[in-house]
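Just so you know, all these numbers are worked out from the coordinates, no wet-lab data involved. Keep in mind the model is a prediction, meaning the values are calculated, not measured. Cβ coordinates were reconstructed from backbone atoms using ideal geometry, including for glycine residues, and neighbour counts include every protein chain displayed.
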Amino acid sequence: MFVPCERGGGSASSDFKGFILLMPAVSVGNVGQLAIDLVISTLSMTKVGYFYTDCLVPMVGNNPYATAEENSMELSINAEVYSLPSKKLVVLQIRSPFIKNKYRPFCQTLLSWVKSSKCARVVVLSSSHAYQRDDEQLLGTPLRYLLTPDLEKAAGGLMQELNWKEMEKVAAYPGINDTEKVLHIPGGGITKLLFTESCSKGIQMAVLLKFCSEGDNIPDAFALVNYLNEWLQLIKSEVNTSSQWKIPSSWRLLFGSGLPPALF
Amino acid sequence: MATFFGEVVVAPSRAGVDDEEEAREETPEDREIRRELEKKREIDILWTLKSGATTESCADEPFVCSKFIVAIGRNAAAFLSSFILDSVCWEVVGVVKLWNEWCRTSSTTNVLPTDSFCLFYRLISDPTVLLCQCSCYVAEDQQFQWLEKVFGCMQKEGLQVTILSTCPVADYKTQESTLTLPSPFLKALKTKEFKEQVCCPLLEQPNIVRDLPAA
C-alpha cells in the first residue's frame with residue numbers, strides 16, 4: 001500500500017518506527033483534512049511517499065503547498081505521506097472520498113501498515129455534525145477527544161491536565177433504554193471504525209474532533225489544529241496562534257472562480 | 001454548502017460513510033447481491049492477436065509499448081477520430097467491455113461516434129505505438145480495475161503515456177471570472193520523469209483532475 005518516493009534517503013526516509021502518525025478522517029466540513037493541510041504547510045514537511053490504493057476516488061493536481069514557481073510542478077495525488085523526522089512526526093493526507101464499499105478494506109490495510117511500520121501512536125483529526133449535539137453538548141467547547149485503552153494508559157493523565165472533554169457516548173436505544181451507551185460519531189466518516197478497530201488491535205490511537213457544519217470550515221480547521229497543538233506542541237503556542245499556521249496556496253478560490261463583472 | 005452568492009451547492013461526498021450502512025451486518029443474501037453486482041461491474045478487455053483471434057489474457061506476452069496515447073471522454077475521442085485515426089495507418093487491437101449506470105460498451109469494434117466505446121489501436125508502421133479511445137464513462141469503482149488490466153498488459157520500461165481529456169470551463173478556478181476566459185484552452189500536468197517540452201502552461205492549483213485521467 002505505501003509506496004516510498006525515490007529519494008537519496010531511501011529506506012531511511014520511510015522508517016517510521018516510534019513516530020506519531022497524524023491523519024484526517026474524511027468527515028463533515030473536511031475539517032480534519034484542512035487541519036492536516038495547515039500542519040504540512042506550516043512545518044514544510046517533506047513528501048516521503050504515497051498510498052497506492054483502489055479505495056479512494058482518483059485525483060491529481062500540482063503541488064498544493066507550492067510557495068514558488070520552482071516547487072509548484074510536483075504532482076500530488078489522493079493519499080500522500082509526509083514526514084518530519086526532527087519531531088518524529090509522519091502525516092498522511094487524504095484528498096478524496098472513499099469509493100462505495102471500500103472504506104473497510106482501507107481501514108484494515110491502513111491499520112496493518114501502522115503496525116508493520118511500528119508507529120508509536122496514531123492521532124486522527126475528525127469532525128462530527130453539529131446539529132446532532134444534545135442540549136449539554138450545545139454549551140461549552142465544541143472540541144472532543146477519544147483515546148483507545150492503550151493510549152489511555154500512556155497519556156490519559158495529560159488530557160485531564162489539559163482540561164479536555166471526552167466525546168460522550170449516546171444511548172443505543174434513545175427513549176427506550178437509556179442505560180446502554182454506544183459511541184456515535186455522525187458525519188465522522190471512518191473515525192468510529194478506525195477507533196473501534198484500534199481498540200481491539202491494541203493500537204494507541206487518539207481521535208480529536210470538532211462539532212461543525214458544512215460551510216466555510218477554515219475557522220474550524222484552525223480551531224482543531226490549535227487543539228492538537230495544545231497536546232503535541234508542533235508550533236510554539238503564543239497568544240494568537242491562528243496567525244502562525246501557514247495557509248497553503250491550494251486554499252485559494254475555495255468557493256469558486258471570480259465574479260463576472262457583467263453581473264453588476 | 002453556501003457559496004458567496006448564497007446559492008446552495010451540493011457538497012460532494014464528505015464523510016462518505018452512511019451511519020446506517022456501517023451499523024447493518026451483511027446477510028448472506030446481501031453478500032450474494034453485492035458479489036453479483038461486482039461481477040456485473042467487472043471490466044473485460046479483449047485483445048486481438050496477430051492471428052486474428054481474440055483473447056482476454058495477455059499474461060504470456062505483454063505488449064512492447066513505447067508510446068501510449070489515451071483519449072478519455074467524447075471530445076478527446078472525437079479529436080483522435082478527426083485528426084489522427086484512419087483505417088490505413090491504424091488497426092484495432094483491443095476493446096473494453098464494461099457496464100455501469102451511465103453506459104454499456106459492447107465487444108464490437110465497429111462503432112459509431114455516438115456510441116459508448118473503449119477501443120485500442122496500434123500504428124501499423126510502428127506497432128509499439130498504442131492509442132486508446134475511451135468515450136464511455138468508467139465509474140469510480142471501475143477506474144482502478146481499468147488501469148490495472150490495461151497497464152498490466154504493457155511492458156512499462158521506456159513507456160511514454162499521454163492522456164488527452166476535457167473538462168468544462170465552468171469547473172476551472174481562477175481569480176477572474178471564467179466568462180471572460182478565452183476558451184477553449186489547454187493545460188497540462190506532467191510527472192517529473194517527463195523531460196520533454198510541454199506545449200502549454202501547467203495546470204495551476206487549486207485546479208485538479210479527477211476520474212480516469214487522474215487514475
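Odds and ends about this structure:
- Fraction of alpha-carbon pairs over 23 Å apart in the stretch A:26-166 - percent: 47
- FRET efficiency for the B:VAL64 to A:LEU254 pair, using the beta carbon distance and R₀ = 35 Å, is estimated at 0.15.
- Given A:LYS192/B:LYS39; B:LYS67/B:LYS192; B:LYS97/B:LYS156; A:LYS87/A:LYS246; A:LYS118/A:LYS201, the pairs whose alpha carbons are separated by over 20 Å: A:LYS192/B:LYS39; B:LYS97/B:LYS156
- Around B:PHE68: net Lys/Arg minus Asp/Glu count, Cβ-Cβ under 13 Å: +1
- Annotation for the stretch A:37-66 versus the stretch B:175-215: alpha-carbon center distance of 18 Å.
- C-alpha center-to-center spacing [the stretch B:26-46, the stretch B:62-129] in angstrom: 27
- Residue-count net charge about A:LEU146 - beta-carbon cut-off 15 Å; Lys, Arg +1, Asp, Glu -1: +3
- Divide the volume of the convex hull around the Cα atoms of the stretch B:155-215 by the residue count and you get 106 Å³ per residue.
- In the stretch A:139-264, inverting the average of 1/r over every pair of distinct C-alpha atoms gives 17.5 Å as the Kirkwood radius.
- Computed over the protein assembly as shown, Cα set: Rg, Dmax in Å: 24.6, 78
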